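J.: What follows is a structure written as structure tokens; I'll ask about it next.
The values are calculated or read from the model by the stated rules, or taken from the named source; none is laboratory data. Keep in mind that what you see is a predicted model, and the values were worked out from it rather than measured. Please note: Cβ atoms are built from the backbone with ideal geometry, for glycine as well, and neighbour counts cover all protein chains shown. For the accessible areas, the whole protein counts, side chains as well, though only heavy atoms, and no ligand, DNA or RNA atoms are used. Shrake-Rupley method; radii C 1.70, N 1.55, O 1.52, S 1.80 Å.
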Protein chains: 2
Amino acid sequence: MKTTRRKLTYTLALLGTTVVSTHAQLLVQRFEPVGFSQVTITDHFWKPKMDKVATATLRACIVQTEEKTGRIRNFEKVARHKNEKHEGIYYDDSDVYKAIEAMAYSLKNHPDAAIQQKTDEWIDKIAAAQLPDGYLNTYYTLTGLDKRWTDMERHEDYCAGHLIEAAVAYYNTTGKRKLLDVAIRFADHIDSTFRVKNRPWVSGHQEIELALMRLYHLTNQDRYLKLADWFLAQRGHGYGKGKIWDEWKNPKYCQDDVPVKDQKEITGHAVRAMYQYTGAADVAAATNDQGYMNAMRTVWEDVVFRNMYLTGGIGSSGHNEGFTEDYDLPNESAYCETCASVGMVFWNQRMNTLTGESKYIDVLERSLYNGALDGLSLSGDRFFYGNPLSSAGNYGRSEWFGTACCPSNIARLVASLGDYIYGRSEEGIWVNLFVASNTTFTMGKTPVPVQMETNYPWEGAVKITTNPAKPVEYALHIRMPGWAQNVPAPGNLYRYVDSRSAAKIEVLLNGKPVTYQEEKGYAVIHRKWKKGDVVEVRLPMDVRQVASRKEVKADQDRVALQRGPLVYCVEGADNEGKAWNMLVPDNATFATQSYQVLDEPVVSIKANVSVAEPAPDGLTVQMKPRTIVAIPYYAWANRGKSPMQVWLPSRIKEVKITE
Amino acid sequence: MKTTRRKLTYTLALLGTTVVSTHAQLLVQRFEPVGFSQVTITDHFWKPKMDKVATATLRACIVQTEEKTGRIRNFEKVARHKNEKHEGIYYDDSDVYKAIEAMAYSLKNHPDAAIQQKTDEWIDKIAAAQLPDGYLNTYYTLTGLDKRWTDMERHEDYCAGHLIEAAVAYYNTTGKRKLLDVAIRFADHIDSTFRVKNRPWVSGHQEIELALMRLYHLTNQDRYLKLADWFLAQRGHGYGKGKIWDEWKNPKYCQDDVPVKDQKEITGHAVRAMYQYTGAADVAAATNDQGYMNAMRTVWEDVVFRNMYLTGGIGSSGHNEGFTEDYDLPNESAYCETCASVGMVFWNQRMNTLTGESKYIDVLERSLYNGALDGLSLSGDRFFYGNPLSSAGNYGRSEWFGTACCPSNIARLVASLGDYIYGRSEEGIWVNLFVASNTTFTMGKTPVPVQMETNYPWEGAVKITTNPAKPVEYALHIRMPGWAQNVPAPGNLYRYVDSRSAAKIEVLLNGKPVTYQEEKGYAVIHRKWKKGDVVEVRLPMDVRQVASRKEVKADQDRVALQRGPLVYCVEGADNEGKAWNMLVPDNATFATQSYQVLDEPVVSIKANVSVAEPAPDGLTVQMKPRTIVAIPYYAWANRGKSPMQVWLPSRIKEVKITE
């Protein structure tokens, strides 16, 4: 029954697609994202964060990569040919590439001679470490080349993927080919070593597939599309047995139990899964492969309907850095790796452009503003690897990690934020995220400058001004967020406790309410647009209490607070050091206020609740009415270690006496 | 001032030593331990545990070593010379050796043809994997012999140490030389590769030193003593820089910051430290090296006075598997590796025999009955790697571990328990632990059978019957436990809350109170002993509340319960699933009762305390008088996962509302 319905939806989705002919092959994408280099961000919320990334975060990446760890030294050692010892872990090259990718994105909007010089310097060192046959990996080159390509788990292809992504990004920003040529030589080496010979190879950590698709789109060389598809097609045939899994390690851990197109459940390592499906979506967009699409729709529902935290974080367990059982979403031990939320942004963007459905952006926005952004400190130079939804007070941010995937991952995401705001097709314009920015579309042959102004996510008013050189007809699609329509997230994993209709979304054209069509979660205004047309969107920004399905044991008799796209938390830093002593009874009331978390202006929530306090003699417990402060989840853990909770009890079921 | 006092104590200790001439070189030991093979244990408490080890634990070790992991297969692969892949981690050989050592000890008291046959079978495989030059390590032999002895961290010498220990044990039990000859060839290989050439080598994980001392005592070959001393002397000269530590990893982690004789603080990895000092004590005993003794006395005080949990566990942090700051003893995150408590037993035994001071046995007994024994399930086939002092209810025992040092370590300790009960010198007999058992001393030339009867640790009565063939004069030393004299542990890290003198230790000779000398913590009765003489010791077994020094933040406003040598805990399994909701007020009362934890008969404590409970409406909290049950700490976590606490609050300082 379920399958039938899904198939029907899928067929309808296909009928609605528009063929975009910018590439040689058939594209089924509903629309194309507008690349960040076409978008100027002026946003009060994001612009300062992008500036922090361009300065503090990139500085941290550089210092850690080059001075405090041996990541750059490894490349120098290869070039010196003096038999020196590899430092660090076998996948450390990837962090260099990801840092370069972040620098490339950042340079586009924040020109910085020193950063550019540093990048060129690193690129020279990387190029010098490439072998004549195109192979490039400092670990194997320094520890024994005879062992290369013998261990699928050792991330050689993963590092190659990040090299390719960095190379494409740096070429796009600077037009310089040096790193791109390195990446192409390595990609060709891999293609001839594996696909051409059809030598089985299951990537131990997916990533190269989506990277190859970037290379394909840049170069228009079919072999990279074929190689990406070939890598995906390797999975699920047992080639990984005894290599990346065995009788003790489940093949589901590495998504190698069945072929990708037959996958129905989300399993295993969360980041690997996200990267795989992002790559699969990219391949599907280029090949119109329904097999990938069918699988991904089913798996996506498994993620979002049963295995996603309210923060958009995924991966319940640090044990496998990934998924466990359906509805197993413990808060304090939640893994929710920053990289997995970044991966959710990647994958959901692809699903959105492929289907034209706004629900994917609802999930993307949730992961972006909560689970992913939480990975970066307000200062820009401290990081979370895991992003739990509660803490007893022992959990703090780090300067860096032994396995340092997360810092550069959140850096490259924030630096390329412009990628996720707008979409376009011949039919019209899509507004996905509400981020103050300017861009210019071309409709037909008419340039259409568009300006978005907003104080989102603190306020719900969004103003979109269109200035076409001459009147031009097209459809403007404005995303109508699920959270503003009593659907906190697609599916019914989460619901608003008070499902009274809060204020509805209002849309005005030139100051007057306008009728619009609703299509796939977008408000669509189709008209002939002229210079100075203003569309205003007013999103309701009530404080909402959220509850989980009863299957989520960790959240039972608890509520979370949400306002707009932001999930809130209670942190000890705002509440006399405590976050686990409060009860949100049915009659709790809420108000908002302007607030500061260090130098970050936020809207905080004041909640009138009940708090358990010891009597002065220390022998009894009293419940006292108190006003507590909740702050946006992404902003916690910036003022030292203190306890925190997203899900607050609405009923006392157990009491712990602690210090 | 402190140093002066310590030096004085040390000088006095030396003056009191007796030269025992059983070995060629000068021995400064105060007395010698009686080996377990000379002791027949009949104890109600320990005998069933030794039986469990002989059956369930060894069976688990065999199944895991041989079937469920590749530990034995690695040896077979080496012998087959077919270029097969190494399975597991580079130190896995050591688990095979430790299992053999445990089997050897167990076979001494529990003859078992199947176990003996299995051991011989493994020994054949091990012998077949030894290289002609004596080298034996499956990891390097299978992954590339050119790399052997290039990485000090990779536990080659550690594995060699465990091979030697196993070989000595198996030879002592069976008289079979095959494994001993393998061990000797490997020891000679190491000696000629390193000491003879004076090629610097800092052991990444100490162990070989104490093992070589066993080999030295068995073979009387000076080169093994010299090699043990050489290994110790390698530390602290910078040879480990860039090898086992570097600019990012502190040399204190591996006790390589200063030479062993200059070490004053306990630092770093707890098990490595314990093994190092055990080896140093063994060397000091053979060489009368005051440098080692001076260092060890200072370091021992640093462990016991500032860094030891009430359970005798050590190592506060899982991050370095070791020590952190003085007095940093968090309970829930306590690492307290089982192997570190086993190491505490090893080291304190040596310190006791070297000095004749009973305080070392106080610590040994605490670690043995609490921190170490907790590592083994009542069923004998489930294990703890870490032994925290509180749990929110998520922590459970495992069948095995990827790094599987702990199961075979606790197995070999329990199987050789007889080693720790008695000591002897020409001057007399020492009774260190109260364990029902029989042994025969020879005083002068007269055999002196001794029988100890007791229901310790449940009851405090101990009866020692002496049956010399003819009257013979000697001094009987009976340990007077610190815990029975208002000193829960040496130093003042812990104190009894109620320091009223509970019942004192009573000593009776043939039914009448006897005057005795107190010397170094022993009651000494010097007389001419005759057949049928009976000494009775009555230890006070009151329930005592223990408090920590104020510097231990984790234990402030908390008390722990202790009775005899046993630390107690409150586990949810006995208390309606809860262990964090109780308050021990000043007027709490305690009683004991016979109790069962599964099939383990124990004495439990019933405590009348105050418990925080939600009101039926779930909106307020009430404190209710309740009787709770506390069980011995070692017995927790045998009935599924449930919350647990050793340190119970005596004052409410914070309340957490939880589910």
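J.: Among the residues of segment B:145-152, is any open to solvent by 60 Å² or more (accessible area, probe 1.4 Å), outside any helix (DSSP H, G or I), closer than 25 Å to B:A340 by Cβ and charged (D, E, K, R)?
T.: no
J.: Now, a different point. Does any residue of segment A:401-422 turn out to be at positive phi, not polar (S, T, N, Q) and not assigned by TED's automatic domain parsing to the domain that holds A:Q562?
T.: no
J.: Identify the residue in segment B:452-489 that is touching a helix residue (DSSP H, G or I) at 6+ places or on another chain (Cβ under 9 Å) and in a loop (DSSP other than H, G, I, E, B) and, among all such residues, is surrounded by the fewest Cβ atoms within 10 Å (Cβ to Cβ).
T.: The residue in question is B:V487.
J.: For the list (1) under 20 Å from B:K653 (Cα atoms); (2) within 14 Å of chain A (Cβ to nearest Cβ), I need the number of the one condition that B:A560 fails.
T.: Here B:A560 meets the rest and fails (2).
J.: Go through (1) buried (at least 18 other Cβ atoms within 10 Å of the Cβ); (2) touching an Asp or Glu at 6+ places or on another chain (Cβ under 8 Å) for B:K264 and report which single condition fails.
T.: Single failed check for B:K264: (1).
J.: Here's a follow-up. In segment A:498-509, which residue that is part of a loop (DSSP other than H, G, I, E, B) and open to solvent by less than 70 Å² (accessible area, probe 1.4 Å) is nearest to A:P457 (Cα to Cα)?
T.: That would be A:I505.
J.: Counting only residues that are at the interface with chain B (Cβ under 7 Å from one of its Cβ atoms) and over 22 Å from A:Y309 (Cα atoms), how many does segment A:634-659 have?
T.: Looking only at that region, the number is 8.
J.: Could you identify the single residue in B:K606, B:K624 that is in a strand (DSSP E or B), without any contact (Cβ under 8 Å) to a residue 40 or more places away in the chain and within 14 Å of chain A (Cβ to nearest Cβ)?
T.: B:K624
J.: Let me ask you something else. Scan (1) open to solvent by 10 Å² or more (accessible area, probe 1.4 Å); (2) in a helix (DSSP H, G or I); (3) in contact with a helix residue (DSSP H, G or I) (Cβ under 7 Å, 6 or more places away or on another chain) for the single condition A:H217 breaks and write down its number.
T.: Here A:H217 meets the rest and fails (3).
J.: So, one more: Could you tell me which residue of segment A:326-352 is farthest from the other protein chains (Cβ to nearest Cβ), considering only residues that are surrounded by fewer than 24 Cβ atoms within 10 Å (Cβ to Cβ) and either at pLDDT below 95 or assigned to a loop (DSSP other than H, G, I, E, B) (or both)?
T.: It comes out as A:D326.
J.: Next question, about the same structure. Return the residue satisfying two criteria in turn: it lies in segment B:359-381 and is open to solvent by less than 10 Å² (accessible area, probe 1.4 Å) and more than 17 Å from B:E337 (Cα to Cα), and of such residues it is farthest from the chain's Cα centre (by Cα).
T.: B:G380
J.: Then there's this: Any residue at all in segment A:582-600 that's closer than 25 Å to A:P488 by Cα, open to solvent by less than 30 Å² (accessible area, probe 1.4 Å) and away from chain B (no Cβ under 14 Å)?
T.: no
J.: Among the residues of segment A:298-325, how many are among the hydrophobic types (A, V, I, L, M, F, W, C) and either more than 15 Å from A:V487 (Cα to Cα) or open to solvent by 30 Å² or more (accessible area, probe 1.4 Å) (or both)?
T.: Going through segment A:298-325 one residue at a time, the tally reaches 6.
J.: Can you list the strands (runs of 3 or more DSSP E) found entirely within segment A:518-591 that contain at least 1 residues being small (G, A, S)?
T.: Where strands (runs of 3 or more DSSP E) fall fully within segment A:518-591 and carry at least 1 residues being small (G, A, S), they are A:522-529, A:543-548, A:558-563.
J.: Mind listing whichever residues of segment A:45-78 are basic (K, R) and within 26 Å of A:N370 (Cα to Cα)?
T.: The answer is A:K47, A:K49, A:K52, A:R59.
J.: Give segment B:390-442 a look and list any residue that's hydrophobic (A, V, I, L, M, F, W, C), surrounded by fewer than 24 Cβ atoms within 10 Å (Cβ to Cβ) and at pLDDT below 95, or say none.
T.: Result: B:A392, B:W400, B:F401, B:C405.
J.: For the list (1) open to solvent by less than 50 Å² (accessible area, probe 1.4 Å); (2) at pLDDT 95 or above, I need the number of the one condition that A:T173 fails.
T.: A:T173 satisfies every listed condition except (2).
J.: Same structure again: Out of everything in segment A:609-621 that is β-branched (V, I, T), touching a residue at least 24 places away in the same chain (Cβ under 8 Å) and within 10 Å of chain B (Cβ to nearest Cβ), what residue ends up being surrounded by the fewest Cβ atoms within 10 Å (Cβ to Cβ)?
T.: Of everything passing the filter in segment A:609-621, A:V611 is surrounded by the fewest Cβ atoms within 10 Å (Cβ to Cβ).
J.: Based on what the data block shows, is A:H162 touching a Ser or Thr at 6+ places or on another chain (Cβ under 7 Å), buried (at least 20 other Cβ atoms within 10 Å of the Cβ) and not acidic (D, E)?
T.: Taking the combined requirement at face value, the residue satisfies it.
J.: Would you please name the residue that is farthest from the chain's Cα centre (by Cα), looking only at residues in segment A:260-278 that are assigned to a helix (DSSP H, G or I) and among the basic types (K, R)?
T.: A:K261
J.: Right, here's the next one. Need the failing condition index for A:E576 against (1) within 14 Å of another protein chain (Cβ to nearest Cβ); (2) in contact with a strand residue (DSSP E or B) (Cβ under 7 Å, 6 or more places away or on another chain); (3) free of Cβ contacts under 8 Å to residues at least 24 places away in the same chain, just the number.
T.: Going through the list (1) within 14 Å of another protein chain (Cβ to nearest Cβ); (2) in contact with a strand residue (DSSP E or B) (Cβ under 7 Å, 6 or more places away or on another chain); (3) free of Cβ contacts under 8 Å to residues at least 24 places away in the same chain, A:E576 breaks only (2).
J.: Could you grab me the full set of residues in segment A:97-155 that are among the aromatic types (F, W, Y) and in contact with a Ser or Thr (Cβ under 6 Å, 6 or more places away or on another chain)?
T.: A:Y105, the sole residue that qualifies.
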